[in-house]
Every structure is written in C-alpha cells, then in structure tokens.
Amino acid sequence: MSIETTNTELDCDMSQGCGAIELIIQPREKDLGEFSVRRSLPTTERKMVGPWIFFDHMGPANFPAGSGINVRPHPHINLATVTYLFEGEILHRDSLGSHAAITPGDINLMVAGRGITHSERERPEVKNVDHILHGLQLWLALPEKDEEIDPAFYHYPAASIPNATINGVPLKVLMGSAYGLTSPVLTYAETLYVEAHMQAGQILELPNCEERAIYVAKGGLKIKDRVIPEFSMVILSAAEGVTIEATAETRVVLIGGEKMTKRYIEWNFISSRKKRIEQAKQDWLVGNFPKVVDDEEEYIPLPQ
C-alpha cells in the first residue's frame, strides 16, 4: 500500500476544527514472512511523532496449528521497543537472558541502548493449536544522552497499567500521564501512549502534548467534519481542546511526546549518528553482538 498524505486546508478551514489535522497517513503493508503488518511510521512525509519513530500494527492474523510468529534473533541500538497485544501471545527472549510471554494488556519495554539482540517466537502450547495474533509494536528513540546506556528489559503486566472511564469511554494510559493517570512504564523523554475503546457516537477530548498522533486500529472516527477511516494515522497539531468522535465501535491509540532531534534509521538500527549505524552493521556482520540466551542457533542476516 502506498503512503498518502492529505492537505486538510483544501477542504476545511480552521473554524471547522480541521486545523487540528496536519497529515493523514495510510500505512503500507510490510510482509514479515509469517504474516504482514501495517506500518505507519516512519514515512517520507513524517519520520517521528515525539520520541516515537516506528509504528507497526500486527494482524489480526489467524494462524493454523503448527504455524505462527517466528522472528529470528536480530539486533537493535539506541532505541527502546514497546510491544502491546490486543489478542494472542509472543514469547520474548533476548541477550540479557530475559524470557517473557507477552499477553494482552501487558507492556514489554526492551531498551536496546548500546546494543541488544532479541527474538520473538511462540511457546509450543500456543503454536500447536489454532491461534490469533493482534497487537502493536512501536519503537522509541532514546534521547541522545541515553542512546548508549546499558541494555535493559522491563515487563509490566496488564494489571499494573492504569485505566479509567472518561465520558463513558474506557481507556488505558500505557505510557506517560493523561486523564489524571500516570503509567508505571519507564520513559526517557516526555512520552504519551494511550489506548481507548469507543462506541459509535462517543466523544473523547485528547490530552495535549508537543507532538501527537491518533491511530485507528479498528472502526472509524470523525474530527469535526473530517472522517478518519480504519487503519489511518492522523498527525495532529498542538491545538488545544481537540475531540474525536467514534463513527462505529472503535479502538483508537494516541501516541505523542516531546519533539526529538533528528534520527537516522536503517534496518533495525536507529541513532542520532550515521557513523553509529555503520558501526552496528559491521558489528552484526562479524558477530560482535551478544547472542540471545536459549536461542543461539539462528539469526537474521544483515540485508544487502
């Protein structure tokens, strides 16, 4: 799927509220082998939203018994991955020895820092039956002062994630602070990540932050008179008092945070420095990254 952008000033004016919309992105499909994802960030038109530099929507993918997600060990630097599932389960392993099953509502935060290797697979009891996988994987750019920190892994169970009902809309604050709630998930810069489940006709006012975007994971929205279809990402301005209205049963995700300095991205590496990415590529080629504990035999080669 191609990336589409929308100049909202062509068909609405500020008095209608459409001035809140800076850009609408339709994700491109990315084949990962076992299944496809919808990738909204980065794009040519927009690289980041606050510290968020990568946004994948996985599924919902239906797997017959014997098949499933099977992402071999691969490296990262200078970023943190954030995995959140709506349905299904992923088995996370990494070079620190972390071994965790990610289940719906959990937050997995893997901080790559100066370098980490991880794999994403499934437990046999999941893989050996028909199953579904549906969720989001995002990457955060670490602030320049934190890019080379020691790698770390944090698992936050669903029960630890704060939730509330605002104007009849149940929501969770996955990272950062909003709606009077503060998530326990570690952040390195001002970061916002909220999930809400809306019914047709419900209205939700969005919290303010320097940069922000809304993604429609299911259903549809209206921002004033502008219809936002399923799987769209809307880059929003910093206008205050922006509200969204669900046009159907809708699952919506808000991301945002403080504006970051420029980042470079190539394959699984991001950094504020091009030379650092070149170093990481060479380190992976010659085997200088640590291996995933209990998953040492396979790996994803550096793309040519």
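For this structure, a couple of remarks:
- Qualifying positions in the stretch 103-156 - free of Cβ contacts under 8 Å to residues at least 12 places away in the same chain and either crowded, with 19+ Cβ neighbours inside 10 Å or not acidic (Asp, Glu) (or both): Pro124, Lys145
- Within the set Ala164, Ala159, Ala200, the sole residue that is assigned to a strand (DSSP E or B), surrounded by fewer than 22 Cβ atoms within 10 Å (Cβ to Cβ), among the aliphatic types (A, V, I, L, M) and more than 18 Å from the chain's Cα centre (by Cα) turns out to be Ala164.
- Filtered residues of the stretch 232-249 (kept if closer than 26 Å to His134 by Cα and either surrounded by fewer than 17 Cβ atoms within 10 Å (Cβ to Cβ) or over 18 Å from the mean Cα position of the chain (by Cα) (or both)): Ile244, Glu245, Ala246, Thr247, Ala248, Glu249
- Matching residues in the stretch 167-186 - criterion: being in contact (Cβ under 8 Å) with a residue 40 or more places away in the chain and surrounded by fewer than 18 Cβ atoms within 10 Å (Cβ to Cβ): Leu186
- Condition check for Val37 on (1) part of a strand (DSSP E or B); (2) at pLDDT 95 or above: one failure, at (2).
- All positions within the stretch 123-143 that are over 20 Å from the mean Cα position of the chain (by Cα) and under 16 Å from Leu85 (Cα atoms): Arg123, Val126, His131
- Under the condition of being in contact with a Pro (Cβ under 7 Å, 6 or more places away or on another chain) and either buried (at least 21 other Cβ atoms within 10 Å of the Cβ) or closer than 17 Å to Trp284 by Cβ (or both), the residues counted in the stretch 67-95 number 2.
The values are calculated or read from the model by the stated rules, or taken from the named source; none is laboratory data. This is a predicted model, so every value here is computed, not measured. Note that we place each Cβ from the backbone using ideal geometry, even for glycine, and neighbour counts take in every protein chain shown.
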